[in-house]
Amino acid sequence: MITSPRFNEIFGFYRDKKLTYELLIKQLIGKQDPVASGVIEASLNRDGRFDLDYSLKRFDNEKTRWVTLTGTLTYDKNDKPDYITGLIYDITEQKLDNIRKNDFIAMVSHELKTPLTSIHGYVQLLVNKAKKTEDTFTINALHKASTQIKKMTSLINGFLNLSSFESGKIQLNKAVFEIGDLIDEIVEEIKLTNICHTIEVYPCPVLTVYADRDKIGQVINNLLSNAIKYTPGNKAIEIHCNEINGMMQLSVEDEGLGIKPQDQEQLFNRYFRIENDQMLNTSGFGLGLYLSAEIVKRHTGEIWVKSDWGKGSRFYFNLPLDHSHTKK
Ligand code: ADP
């Protein structure tokens, strides 16, 4: 291995101490040897380059450093991996900034939740009081306030989830449940606040999964809310659920704005929102699909989209079916 002095320094090796590949592997935190384990080969992209993030312990003072490793793998005449050329960047500051930003988001979201819960409580109290005097104007106004509070709570929850996902603190509380029951519950709830669109749930066979019910509920909720948000007028939204290749597969289909192929590739990225005139009037932070994808991936499922620009979109996700647990 031939390395530059700066490369050695990033690993905490100075002039007199030679950095060998074996010593380098020892400094990586929680990762296997990227060459021997085939990680580099597996991560090669179309133009034959790789791009990997690692954290390492400096050899001299044991401090943690984050690095990005980019490079090219060259093959020999027999198509066997021959050698790697690459660069290493120290991204410790960006990582620390990210950690600080996540902590800040978590703290602010947490602080905002408490007063919001109390406002919601008072609104409920007022609804009950107005019901006694049959004051329909006040009841309607309070219902609208309540809808806005729910919207704000779900935005704040999005940020709270984001920070716990990023810091790896997310916990899945798995239980056995039937996906059809969950779909019905969510659709009932959404119908209370949305009277424009018709939501059609196609008959779903009995499909039992072992998963975090609340979090999978969030995924379905996100897909449905998006279908409503990005479908002007009163067009129908369809939910299908089936067993496909031994997995539970759920899809939410709309006849809304649709998504261009180049945007489809980025949809599940954090903070990604499509920028065009039609999207100007919709609110959001571009977190829903990112969080949904994280949740599905942690359940070893997949999430994807098929869409025709101008015609509509169909979002899919799947989850392993549960065969080992029986419903009590
Ligand atoms: P948000 O809706 O808060 O912006 P999401 O992560 O849920 O965040 O969605 C990211 C972006 O993907 C949206 O801003 C929108 O541009 C696009 N999008 C999501 N769902 C749909 C849909 N059903 N039809 C058209 N565009 C969609």
Next on the checklist: I need the phi-derived Karplus couplings for the stretch 16-24: 6.51 cos²θ - 1.76 cosθ + 1.60, θ = phi - 60°, integer Hz, Gly and Pro marked x.
Outcome noted: 7, 9, 7, 8, 9, 4, 4, 5, 4
Checklist entry - Once Lys and Arg get +1 and Asp and Glu get -1 on their Cβ, which of His110, Leu69, Leu250 lies farthest toward the positive end of the dipole of the chain? => result His110
Checklist entry - Hey, how many Å between the Cα centroid of the stretch 114-158 and the Cα centroid of the stretch 10-57? => result 55 Å
Checklist outcome for this item: Descending packing, highest mean Cβ count within 10 Å first, for 310-322, 123-135 is 310-322, 123-135
Checklist outcome for this item: Among Val39, Val252, Val187, the residue with the largest mean-square fluctuation in a Gaussian network model of the chain built from Cα contacts under 10 Å is Val39
Checklist outcome for this item: Surpassing 32 Å at the alpha-carbon level, of the pairs Lys57/Lys101; Lys80/Lys174; Lys80/Lys169; Lys151/Lys174, are Lys80/Lys174; Lys80/Lys169
Item to check | Estimated [θ] at 222 nm from DSSP helical runs (n ≥ 4, -39500 (n - 2.57)) normalised by residues in the chain, nearest 500 | outcome: -13500 deg cm²/dmol
Checklist entry - Once you put a point 7 Å from the Cα of Glu134 and another 7 Å from the Cα of Asp16, both along the Cβ direction, what distance in nm separates them? => result 9.5 nm
Checklist entry - With each pseudo-label sitting 7 Å past Cα toward Cβ, what's the Asn281-His323 distance in nm, one decimal? => result 5.0 nm
Next on the checklist: Residue by residue through the stretch 167-178, what is 3J(HN,Hα) from phi via Karplus (6.51 cos²θ - 1.76 cosθ + 1.60, θ = phi - 60°)? Round to whole Hz and write x for glycine and proline.
Outcome noted: 8, x, 8, 5, 10, 9, 9, 7, 8, 8, 7, 9
Checklist entry - When the chain is modelled as a GNM with alpha-carbon springs shorter than 10 Å, which of Glu178, Glu238, Glu22 fluctuates the most? => result Glu22
Next on the checklist: Give the average over all directions of the projected area of the C-alpha convex hull of the stretch 159-265, one decimal, in nm².
Outcome noted: 8.3 nm²
Checklist outcome for this item: Sorted by number, the cysteines in the chain with no other cysteine beta-carbon under 4.7 Å are Cys196
Next on the checklist: Let's see if you can work this out: charge +1 on each Lys and Arg Cβ, -1 on each Asp and Glu Cβ, no other charges. What is the dipole magnitude of the chain about its Cα centre, in debye to the nearest 20?
Outcome noted: 880 debye
Checklist entry - Taking square-rooted eigenvalues a ≥ b ≥ c of the alpha carbon gyration tensor, is the stretch 1-88 rounded, prolate or oblate, where a/c under 1.5 means rounded and, failing that, a/b exceeding b/c means prolate? => result prolate
Checklist outcome for this item: Among Gly180, Gly256, Gly86, the residue with the largest mean-square fluctuation in a Gaussian network model of the chain built from Cα contacts under 10 Å is Gly86
Item to check | Partner aspartates and glutamates for Lys306 [C-alpha distance under 18 Å; skip if fewer than 8 residues away on the same chain] | outcome: Glu238, Glu253, Asp254, Glu255, Asp263, Glu265
Checklist entry - With labels modelled as points extended 7 Å from the Cα through the Cβ direction, what inter-label distance (nm, one decimal) is found for Val201 paired with Ile170? => result 2.4 nm
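The numbers here are math on the coordinates, done by the rules we state, and not lab data. Everything numeric in this text was worked out from a predicted model, so none of it was measured. Here Cβ is always computed from backbone atoms with ideal geometry, including for glycine, and neighbour counts include all displayed protein chains.
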